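The values are calculated or read from the model by the stated rules, or taken from the named source; none is laboratory data. Every value quoted in this text rests on a predicted model; they were computed, and no experiment measured them. Positions of Cβ are generated from backbone atoms using ideal geometry, with glycine treated the same way; all protein chains shown enter the neighbour counts. When the accessible area is computed, the model is the full protein with side chains, heavy atoms only, and any ligands, DNA or RNA have been set aside. Shrake-Rupley method; radii C 1.70, N 1.55, O 1.52, S 1.80 Å.
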Amino acid sequence: NVVFIDVPGSAAKTLRHTEILRQELKNANAVVFVVNPNRPAEKEGTSIANLLVQYLFSGYTAEEKSKFANRVFIVVNKADQIKSEEDETRLKKSLSELCGIIGDTNLLESRYFRIVAEKSVLALILRQKIGLTDESEKNFYATLAKCPAENLGEANPNKLDEESGIPSLLKE
């Protein structure tokens, strides 16, 4: 009985988008901020933070802000694209700023997840025995599975699901 609503995020283009975001955030049982590491982390974190300060928290009491903070999860999608210590530092700095504005400085220890969704997609492909005919697609998934393309069918879907990070997020 879980319903995900993908609302306009930090790149909301219109006042109406911002109002939809504000309304849905107030009514949500949980809020999942999805951060993409291939966008500059400071820019993304700052824009989400500004959005919260300007449009959401301006109408919140301290109690409402605290309740909101307890419902937030931060997900870094495409976590496998974080390649360097510099990328990691920039991302953590941005997310720490966001956590401070949300009002839960322990958020990165308790409700922070790194996701590689393509691994979960590959697990589904393997379980459903969907044939991959395109060589570039096979090579892409073989890289994710860390095996030669010709051995892709032998990859363990349960292990891939665990490595994706999605089961840990869903459990929380």
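Numerical summary
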{"quantity": "In nm, spacing of pseudo-spin labels at GLU150 and ILE5 (7 Å Cα→C-beta vector)", "calculated": "5.2 nm"}
{"quantity": "Label of the coordinate-derived value, volume of the Cα convex hull per residue in Å³, listed as (i) 100; (ii) 119; (iii) 142", "calculated": "(iii)"}
{"quantity": "Estimated FRET transfer efficiency when R0 is 41 angstrom, pair ARG16-GLN128 (beta carbons, to 0.05)", "calculated": "0.55"}
{"quantity": "Accessible solvent surface per residue of the chain, calculated while the other protein chains remain in place, 1.4 angstrom probe, Å²", "calculated": "61 Å²"}
{"quantity": "Accessible-area composition of region 86-154, carbon plus sulfur, in percent [1.4 Å probe]", "calculated": "51 percent"}
